[in-house]
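Here's the structure we're looking at; comments come further down.
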Amino acid sequence: MKGKLIYLIGDLLILLMPKKAKKLAKTGMTITDRNKITLIELFMRKSLLKKVEDKSDYNTLSEFHKAYWKNKGDDFFTATDDSFEKNFLPECSFMFELLKNKLSIEEEDFNTLVEIGTGNGKVLNYLSEQFPQIDRFVGIDLSENQIIRNQKTYSKNQRLEFVAYDAFDWVNTYANKNMIFVTSRGVLEYFTESKLLDFLQQINRLGNTIFVAIEPNGVNHDLNANTGSEPYGYERSFSHNYKVLFKKAGFNLWHSSTKDSTLDHYFSYMGADNYSKKAVMVALR
């Protein structure tokens, strides 16, 4: 009953203040800071998200998320500046030890590592230290403000490049074979299922590539019963079946594991490539 009342109020507010609702959707509302958003905007947000989800209009839902990261991503990265130390290092760095082991026995030489959704650049800088044999590290993010900050912060590291770009467009224009692609703690969750499949297929067509993806899944998403993607959590981003999507796109998994995180999601850790046929190395959740 309470939920219905909130949506009813939100619908009424959108009707009364259409310009405000349009601005909220255009500038981004994926993650909200309760100190910076009004109660009116919160009601509108819930209603806007519910409307597109009820229609299964996932393209619009994805555009809401894209608007947020483009316009407000730098604010989020500033507020979570310690995430690298508190979350990435203890929870995610093991994936790159596995990647080191994989590269040590590979005949292929990988000359470029691309981080999609680079944020404050700390992960990319760390990876440049961990993989001295790789010449070039590219950090892609939608936030132009954050990219400018990164370029100044890491100006002394000549192996790092930061670009403000849509990842799909960057790959289509600049990517090549023998690249390693990385996402860390929630990037692909903002792609629709069809867009993500297109993206992975696009990367597969480049030639020999590796993909390391660390992405959340909704705890209520039964990946066996529903092999497709579905919105989850407060943000209403997408819980994807990464095993299925990587396979459809022509990749083979060399690692798959999960770790519990919060009440509404856990993290999936995926390592994939498009040239080997080795059995997947699985660590059970």
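For residue 23, give me every one of the lysines with a C-alpha distance below 19 angstrom, ignoring sequence neighbours fewer than eight places off in its own chain.
Reachable lysines: 36, 46, 50, 51, 66, 70, 72.
Go through the range 109-114 residue by residue and turn each phi into a ³J(HN,Hα) via Karplus (6.51, -1.76, 1.60, θ = phi - 60°); whole Hz please, and just put x for glycine and proline.
9, 9, 9, 9, 10, 10
Hey, what's the per residue convex hull volume over the C-alpha atoms of the range 131-252, in cubic angstrom?
122 Å³
Can you show me the helix-derived [θ] at 222 nm for the chain, built from DSSP H runs with n ≥ 4 at -39,500 (n - 2.57) apiece and divided by the number of residues, rounded to the nearest 500.
-13500 deg cm²/dmol, from helical runs alone.
Using packing as a proxy for protection, rank 179-187, 93-101 so that the peptide with the highest average count of other Cβ atoms within 10 Å comes first.
179-187, 93-101
Quick one, what does Rg over Rh come out to for the range 149-210 if you take C-alpha atoms and the Kirkwood Rh?
On the Cα set of the range 149-210, Rg over Rh gives 1.00.
How big is the equivalent ellipsoid of the range 2-79 along its three axes, where each semi-axis is √(5λ) from the Cα gyration tensor, reported in whole Å from largest to smallest?
20, 15, 11
If you take the charge dipole of the chain about its Cα centre, with +1 on Lys and Arg Cβ and -1 on Asp and Glu Cβ, which of 59, 160, 128 is farthest toward its positive end?
About the Cα centre, the residue reaching furthest to the positive side is 59.
How high is the relative contact order of the range 2-79, given as a whole-number percent (alpha carbon pairs under 8 Å, six or more residues apart)?
RCO, the range 2-79: 41 percent.
Rounded to the nearest 10 degrees, what's the angle between the helix 2-16 long axis and the longest principal axis of the chain, both from Cα atoms, 0 to 90?
80 degrees
Based on a Kirkwood Rh over C-alpha pairs, give the Stokes-Einstein translational diffusion coefficient of the chain at 25 °C and viscosity 0.890 mPa s in µm²/s.
124 µm²/s
Tell me, what is the percent relative contact order of the chain, built from C-alpha pairs under 8 Å that lie six or more residues apart?
Result for the chain is 14 percent.
The range 97-143 to the range 144-223: how many Å between their Cα centroids?
Cα centres, the range 97-143 to the range 144-223: 11 Å.
To make sure I understand the rule: partners must be lysines, Cα under 26 Å from the Cα of residue 177, and not fewer than 8 residues away in the same chain. Which ones qualify?
Reachable lysines: 100, 102, 122, 195, 243, 247, 248, 277, 278.
In angstroms, what radius of gyration and Dmax does the range 189-280 have, counting Cα atoms only?
Using the Cα atoms of the range 189-280, the pair Rg, Dmax is 13.0, 39 Å.
Could you list, bin by bin from short to long, the percent of Cα-Cα pairs of the range 49-151 in 10 Å steps?
13, 35, 29, 18, 5, 0
Among DSSP beta bridges whose residues both lie in the range 147-247, state the antiparallel percentage, nearest 5.
35 percent
Which angle between 0 and 90 degrees, to the nearest 10, do you get for helix 193-204 versus the longest principal axis of the chain when only C-alpha atoms count?
20 degrees
Counting only DSSP beta bridges with both residues in the chain, tell me the antiparallel percent, nearest 5.
Counting only bridges with both partners in the chain, antiparallel ones make up about 50 percent.
So how tilted is helix 18-27 from the main axis of the chain? Cα-based, degrees 0 to 90, rounded to 10.
10 degrees
For the range 166-182, in order, what is each residue's ³J(HN,Hα) by Karplus, 6.51 cos²θ - 1.76 cosθ + 1.60 with θ = phi - 60°, in whole Hz (x at glycine and Pro)?
In residue order, the calculated couplings are 6, 4, 4, 5, 5, 4, 5, 9, 10, 6, 8, 5, 6, 10, 10, 10, 9 Hz.
Which three semi-axes in whole Å describe the equivalent ellipsoid of the range 1-42, each the square root of 5 times a Cα gyration tensor eigenvalue, listed largest first?
Equivalent ellipsoid semi-axes, largest first: 17, 14, 8 Å.
No value in this document is a laboratory result; all are computed from the given coordinates. What you are looking at is a predicted structure, and each value in this text was computed from that prediction instead of being measured. Reconstructed Cβ throughout: ideal geometry from the backbone, glycine too, with neighbour counts over all protein chains shown.
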